[in-house]
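The values are calculated or read from the model by the stated rules, or taken from the named source; none is laboratory data. Bear in mind that the values here come from a model prediction, so they are computed numbers and not experimental data. Neighbour counts run over all protein chains shown; Cβ positions are idealised from the backbone, glycine included. Heavy atoms of the whole protein, side chains included, go into the accessibility calculation; ligands, DNA and RNA do not. Shrake-Rupley method; radii C 1.70, N 1.55, O 1.52, S 1.80 Å.
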Amino acid sequence: MSKLLSLPFRLELRGAPSRAMTYWSPVIAIALTLLLGALLFLALGKDPLAGLKVFLVDPFSGKRAISELLLKSIPLILCALGLAVCFRASIWNIGAEGQFTVGALASGAMLVWLDVPGHGISGGAGLILMVVAGVLGGAFWAAITAFLRDKFNANEILVSLMLTYVAQLLLMWAVNGPLKDPNGMNFPQSKVFSEEFMLPMLVAGTRLHVGFVVAVVAAVLMAVFMMRSLRGFSLMVGGVAPHAARYAGFSARSALWVSLLISGAFAGLAGAFEIAGPIGQLLPSVSPGYGFAAIIVAFIGRLHPVGAILGGLIMSLLYLGGELAQSRLGLPSAITGVFQGMLLFLLLACDTLIDYRLAWKKKV
């Protein structure tokens, strides 16, 4: 039986990691995802070419479609920026979704408090306060993970992941309680925020707001921070070679707190932009899983801030393609998750070839 299942090749350790495969791995993973996607469409009785067109071509068909692609990439890029910092420091924050949710909740609560007749605050000042509330909310939620890891050596993977579900329950309580719209027909939602407290639009006639510019500028600034600053260098060294980091005097405790607070702040900012942008109010379904999808985005971008922009656009393409596949091909909503899952596993498989090469077995 073992002979029947044996493969004609084996994995052989490389002398040094392959620099070429580091960059080709995401490209190969994306190509294989599309190939398996075509086979999936065929198995579902759909035209593979029509299915791939929905994912690859239709999201670029016009100004409005492109603006929606860029719009969906904003929370993905922002969350991935923070996660890239954590992962480079070997801090496995899996709770960006929860930090996104608490950021949205905090900024939504701020707008509910500000957006009342006669409050006397300008829209610009209100937006600044909203953004600050979202950033602080996300950072606070990440700080819980940092505290438990720092004081009790709790596993940050489990803690950050479990806090995601606590955040979702907290949001559900808020929109059914203190933040519930009294004129909302008993639906679990906040009031619709006034136009003056909404983010300015970049392109007239679309929903694309200034958050995209903020995300791109943030990516550039984070690239400078990680590659050109002493603090960023210490985080990277601590992740790759912790013993060398300790010898150089870099604090592992400082790396833990800094990386998690940065990650939580970016996720909270993404949540704030979402409720003051395309949604316009606080809802229980504030996120379709942006925080989890951003993990894939970070790795597609090779944990580089600028790479997060490209990864965010690719993941945004999958989100839009999944929505179009539902409406035009009659496929279930799970198709988006299927494509994301395929991309993640294929990326992990291709990343194996960075440190290993395929060696064909000799016939006996």
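General observations
- Rolling a 1.4 Å probe over the protein chains gives Met172 an accessible area of about 80 Å².
- log₁₀ of I(q)/I(0) at q = 0.10, 0.14, 0.18 Å⁻¹ - segment 80-221, Debye sum with one point per alpha carbon: -0.42, -0.80, -1.14
- Residue with peak Gaussian network fluctuation, the chain [Cα springs, cutoff 10 Å], from Gly307, Gly108, Gly205: Gly205
- Which of Ile335, Ile30 is most accessible, then next, and so on - probe 1.4 Å: Ile30, Ile335
- Between Tyr23, Tyr247, Tyr319, the Gaussian network model of the chain with springs among Cα atoms under 10 angstrom shows the greatest mean-square fluctuation at Tyr247.
- Accessible surface, 1.4 Å probe, highest first, among residues Trp92, Trp24: Trp24, Trp92
- Averaging the Cα positions of each part gives two centres, and for segment 111-168 and segment 332-350 these lie 29 Å apart.
- When the solvent-accessible area of segment 45-198 is split by element, carbon and sulfur atoms take up 69 percent of it, the probe being 1.4 Å.
- Qualifying lysines (Cα of each under 18 Å from Cα of Lys361; at least 8 residues distant if same chain): Lys3
- For the chain, built as a Gaussian network whose Cα springs stay under 10 Å, the top-fluctuating residue of Gly321, Gly98, Gly271: Gly321
- Estimated from helical segments only, the mean residue ellipticity of the chain at 222 nm is -23000 deg cm²/dmol, where each DSSP H run of four or more residues counts as -39500 (n - 2.57).
- Probe 1.4 Å, all protein chains present, accessible-area order of Met226, Met201, largest first: Met201, Met226
- Tensor-based shape of the chain (alpha-carbon gyration tensor, a/c under 1.5 rounded, otherwise prolate or oblate): oblate
- The chain: angle of helix 305-329 to the longest principal axis, Cα-based, in degrees nearest 10: 80
- Placing a pseudo-label 7 Å from each Cα along the Cα-to-Cβ vector at Met172 and Ile128 gives an inter-label distance of 3.8 nm.
- Backbone amide hydrogens, once placed in the peptide plane, bring His209 within less than 5 Å of Leu202, excluding anything fewer than 5 places away on its chain.
- Full extension of the chain segment joining Ala349 with Ser327 gains 4.7 nm, where the gain is 0.36 nm per residue of separation less the Cα-Cα distance.
- Accessible surface calculations at 1.4 Å, restricted to protein heavy atoms, place segment 123-280 at 50 Å² per residue.
- Given Lys46/Lys180; Lys53/Lys191; Lys72/Lys180; Lys46/Lys72, the pairs whose alpha carbons are separated by over 32 Å: Lys46/Lys180; Lys53/Lys191
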